[in-house]
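**Student:** Quick one: the structure is below, and I'll ask about it shortly.
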Amino acid sequence: MSLTEQARWFVLGGDHLVLLDDQGRIPQGPRACLPSHLQHASFERFDEWDGLPCLLLDLGGEVDTEALTPLRQLMVAGDETGFQLAGRAWQLATFRRTHRFCGECGAPMSPKAGEWAQGCRHGHVVYPRISPCIIVAVRKGPAILLAAHRRHYQAEDPMYTVLAGFVEAGENLEQCVAREVFEESGIRVRNVRYVASQPWPFPHSLMMGFTADYESGEIRVQDEELVAADFFEADGLPRLPPHGTIARRLITLCLDDQA
């Protein structure tokens, strides 16, 4: 392997950790730009970025993670392309980690030539899992429904965001929007409208963004999911999700009255 091989190098490890360079970006350049112990490692190509191949190496979940950085840092730093591609790399790595054995026969699985898939010796083939989710901004006049979620709650400076949830079997997206909003907040909505989507590698979601209008109900938070929820106007917003997330895009659309 030539140390002059040019690429963008996606080195993953631990739980959603990634190797970044001194500028906080995905390493780019020859293999020689990588730490010496990785320069002869076996990478796999999974995408392309500005004419350079994107090469992936998963060090595994038990690796020493001292030199690695949380994947979210790319998003916080505003590196949308880096975050998108690192997220794709993570979803592929998660797929490999969680499909080492066949779900039908229990035999070991191995990568299938020519595509991102795993196959067993009996011919059963599986592809990367994608979990459909909805994420929705609910508008009530000039205000938007925002909630503090338990999974990332900080008492000193809580972040508030829009509601989201996984699509259930036999359910269409609009039904999921109405169900999730009612279950989590006690609010009923109408005029559900699709906006955009975003892949989300925590761990393998496809977020489909919507806006909706308040119809009826009083806020009654689902304690298992939320700490608090309320309607906020533009001049009194709490801390919001970072730019580059579909949540922030939906919030901006609603508050700018563009949805």
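**Student:** Compute the angle between helix 246-255 and the longest alpha-carbon principal axis of the chain, please, reported from 0 to 90 degrees and rounded to the nearest 10.
**Tutor:** Compared with the principal axis, the helix lies near 30 degrees.
**Student:** Could you give the angle, 0 to 90 degrees to the nearest 10, between helix 173-185's Cα long axis and the longest principal axis of the Cα atoms of the chain?
**Tutor:** 70 degrees
**Student:** Okay, next question. Starting from the range 12-120, pick out the GluC sites (Glu not before Pro) whose DSSP state is loop and whose Cβ has at most 16 other Cβ atoms within 10 Å.
**Tutor:** Numbers: sites: GLU44, GLU48, GLU62, GLU66, GLU80, GLU104, GLU115; in loops: GLU62, GLU66, GLU104, GLU115.
Within the range 12-120, the qualifying GluC sites (Glu not before Pro) (loop, at most 16 other Cβ atoms within 10 Å) are GLU62, GLU66, GLU104, GLU115.
**Student:** Which value, in Å² and to the nearest 10, is the accessible area of PHE231 when all protein chains are kept and the probe is 1.4 Å?
**Tutor:** PHE231 exposes around 40 Å² with every protein chain in place.
**Student:** Any idea what the alpha-carbon Rg over 2.2 N^0.38 Å comes to for the range 52-128?
**Tutor:** 1.31
**Student:** Using volume of the Cα convex hull per residue in Å³ as the read-out, say which of [x] 166; [y] 142; [z] 108 was calculated from these coordinates.
**Tutor:** [x]
**Student:** Moving on. Using a 1.4 angstrom probe on the protein heavy atoms only, line up HIS40, HIS16 by accessible area, largest first.
**Tutor:** On the way: HIS40 125, HIS16 30 Å².
Accessible-area ranking of HIS40, HIS16, largest first: HIS40, HIS16.
**Student:** Among DSSP bridges having both ends in the chain, what percentage is antiparallel? Round to the nearest 5. Could you put the intermediate results ahead of the total?
**Tutor:** Values: 40 of 55 bridges.
That works out to approximately 75 percent antiparallel.
**Student:** When the accessible area of the chain is computed with all protein chains present and a 1.4 Å probe, what percentage of it is carbon and sulfur?
**Tutor:** 47 percent
**Student:** While we're on this one: Keeping every protein chain in place, order ARG8, ARG150 by accessible area at 1.4 Å, biggest value first, i.e. largest first.
**Tutor:** ARG150, ARG8
The values are calculated or read from the model by the stated rules, or taken from the named source; none is laboratory data. All values reported here derive from a predicted model rather than from experimental measurement. In this analysis, Cβ positions are derived from the backbone assuming ideal geometry, glycine residues included, and neighbour counts consider all displayed protein chains. To get the accessible areas, we keep the full protein, side chains included, count just its heavy atoms, and leave off ligands, DNA and RNA. Shrake-Rupley method; radii C 1.70, N 1.55, O 1.52, S 1.80 Å.
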